[in-house]
Every structure is written in C-alpha cells, then in structure tokens.
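Structure, as structure tokens:
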Amino acid sequence: MKFFLDTADIEQIRTVNSWGILDGVTTNPTLVSKTGRPFLEVVKEILEEVDGPVSLETVSLDAEGMVKEGRQLAELGENVVVKIPMTPEGMKAVKLLEEEGIPTNVTLIFSPTQALIAAKAGASYVSPFVGRLDDISGEGMKLIREIREIFFNYEFTTEIIVASVRHPMHVLEAALVGADICTAPFSTIEKLFKHPLTDKGIDTFLKDWEKVPDKPF
Ligand code: E4P
C-alpha cells in the first residue's frame, strides 16, 4: 500500500520524505488555508520535494471552470493530479481532463456507487472519506471493502485512496482490505511507529551496552 501525506505543510512533507516512506501528497483548500501562505508558493515547494503524485483541488462548480483550473494546475508539475468533487459537472471535467492526459482524483466520495461512477468516467483515483463517515456513525471501512470488490469485479484500474484518515486503525484496515493508497495526516503516520515494547527494548539494550567493556562507539 502506498502512503500519501494529507497536508500542505512543507515541513511535515520533508520529515516523512526523510523517513523514506512518502509516495505522494494530497491537499485540499482547507489544508492549504491552514498554512496561511500564498497558494503558488506552497505548491511549488511541495512539487520540488515530492516525486510521487500531488493532488491539488479545483474550486469551480461547473465543468468548464474545473477543466480550466485543472489545466492551470497541471502546468505546475508533471506529477500534479487534479482533484475534482463527485458531481455530474465534476465527472464531465474528469472525462475531459483524462482525455488530455491529466490525471484526476475524485474527492468527497461517500458511497460505493459514487466510486463506480468516478471509475466509469475514467478517474485515475477515487478518494472515499472514511473518517467523516465514521463521524456520523457510518461505516467508513465498509465503504472501502465495497469499492475494492466493485473495482475487482470489473477490473477498473482506478486506484483507491483511503482518505479522511483519523488514526492508525484506519491505516491497518486500509492495508488489510487491499486499498491501493492511504492518505493520512502527519499525526497518524507518526503514531504508526509507536510501540511500548520497542521503547522498552531500546532502553534495555542501551543499559546493557553500558556494561560491555572496550566499546568501539
Ligand atoms: C482527502 O484527500 C482529504 O484531503 C482529506 O483526507 C479529508 O480529511 P478530513 O475529513 O480529516 O478533513
């Protein structure tokens, strides 16, 4: 499973990249606004740092506007993926952009049939939001299992990005279901490293190392 970082914070991106586990980045208008920085400045830094796909979101509501913004965003880098909301106008834009060779990521997916529509329109990626479904007592991971099955049944090549991830269990379940990608916030990725027995083991090894005579380091 590929790991994407769900952020527009360049420091977080650099940190995860330095760990050797960063496969891509997803952003949205909320994440960009949190940086408090100019859009193009932020995006250029992200594109310089990241080799994998970087999703940048359109804000128009009509297909014409989305395509125009999508083309502009795609000009910024070869690895730009244009994020388009799951609407009929959005699907028109997906079809047109994909025909031009611009990859798209259909966002705000909350049902398996929305994912089916996005795949049929030719989207490169779909982003089902598990956390926001869980927040309203839905079953986020059930959605991922159903999309996985549908894409398998019909051999769609559209990749599933598990999005709106809140905690490590979402990451674990995404991997068990066989999602292609999990996009998680920095705080969740940091938690994946943690295990009390790892910390305890390091402590013990260091204490025992002190007892070793004539150490080379
Ligand atoms: C996905 O691409 C979105 O940027 C993101 O995962 C939304 O997460 P949220 O529900 O935590 O805002």
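Remark: pairs (first residue in the stretch 21-42, aromatic (Phe, Trp, Tyr); second residue loosely packed, with under 12 Cβ neighbours inside 10 Å and in a strand (DSSP E or B); Cβ separation under 7 Å; 6+ apart in sequence or on different chains) are absent. Taking the stretch 75-108 as the range and being open to solvent by less than 60 Å² (accessible area, probe 1.4 Å) and touching a Phe, Trp or Tyr at 6+ places or on another chain (Cβ under 9 Å) as the test, the residues that pass are 81, 83, 86, 103, 104, 105, 106, 107. Taking the criterion of being surrounded by 11 or more Cβ atoms within 10 Å (Cβ to Cβ) and either in contact with a Phe, Trp or Tyr (Cβ under 8 Å, 6 or more places away or on another chain) or not charged (D, E, K, R) (or both), the residues of the stretch 189-204 that qualify are 189, 192, 201. Considering only residues in the stretch 153-193 that are within 12 Å of the ligand (Cβ to nearest atom) and in a loop (DSSP other than H, G, I, E, B), the one that is nearest to residue 11 (Cα to Cα) turns out to be 185. Among the residues of the stretch 110-133, those that are free of Cβ contacts under 8 Å to residues at least 40 places away in the same chain and within 10 Å of the ligand (Cβ to nearest atom) comprise 128, 129, 131, 132, 133. I need the full set of residues from the stretch 133-163 which are open to solvent by less than 10 Å² (accessible area, probe 1.4 Å), more than 20 Å from residue 57 (Cβ to Cβ) and out of contact with any Ser or Thr (no Cβ under 8 Å at 6 or more places or on another chain), in order please. Listed by number, the residues that qualify are 144, 147. Every listed requirement among (1) without any contact (Cβ under 8 Å) to a residue 12 or more places away in the chain; (2) over 26 Å from residue 165 (Cα atoms); (3) in a helix (DSSP H, G or I) is met by residue 96 save one, (1). Among the residues making up the stretch 100-109, those that are without any contact (Cβ under 8 Å) to a residue 60 or more places away in the chain and either in a helix (DSSP H, G or I) or under 17 Å from the mean Cα position of the chain (by Cα) (or both) are 103, 104, 106, 108, 109. If you go through the stretch 123-132 and pick out every residue that is open to solvent by 10 Å² or more (accessible area, probe 1.4 Å) and either over 20 Å from residue 83 (Cα atoms) or not in a helix (DSSP H, G or I) (or both), you end up with 3.
Counted as qualifying within the stretch 1-74 are the helices (runs of 4 or more DSSP H) with 1 or more residues that are small (Gly, Ala, Ser) and within 14 Å of the ligand (Cβ to nearest atom), namely 29-35.
I need a count of the residues in the stretch 165-188 that are among the hydroxyl-bearing types (Ser, Thr, Tyr), touching a helix residue (DSSP H, G or I) at 6+ places or on another chain (Cβ under 8 Å) and crowded, with 23+ Cβ neighbours inside 10 Å.
Looking only at that region, the number is 0.
Total residues in the stretch 12-28 satisfying the condition of being open to solvent by 20 Å² or more (accessible area, probe 1.4 Å) and either touching a helix residue (DSSP H, G or I) at 6+ places or on another chain (Cβ under 9 Å) or polar (S, T, N, Q) (or both): the figure is 9.
The values are calculated or read from the model by the stated rules, or taken from the named source; none is laboratory data. As the structure is a prediction and not an experimental result, all values here were calculated from the model. All Cβ positions, glycine included, derive from the backbone under ideal geometry; neighbour counts span all protein chains shown. Remember, those area values only see protein heavy atoms, side chains included, never the ligands or the DNA or RNA. Shrake-Rupley method; radii C 1.70, N 1.55, O 1.52, S 1.80 Å.
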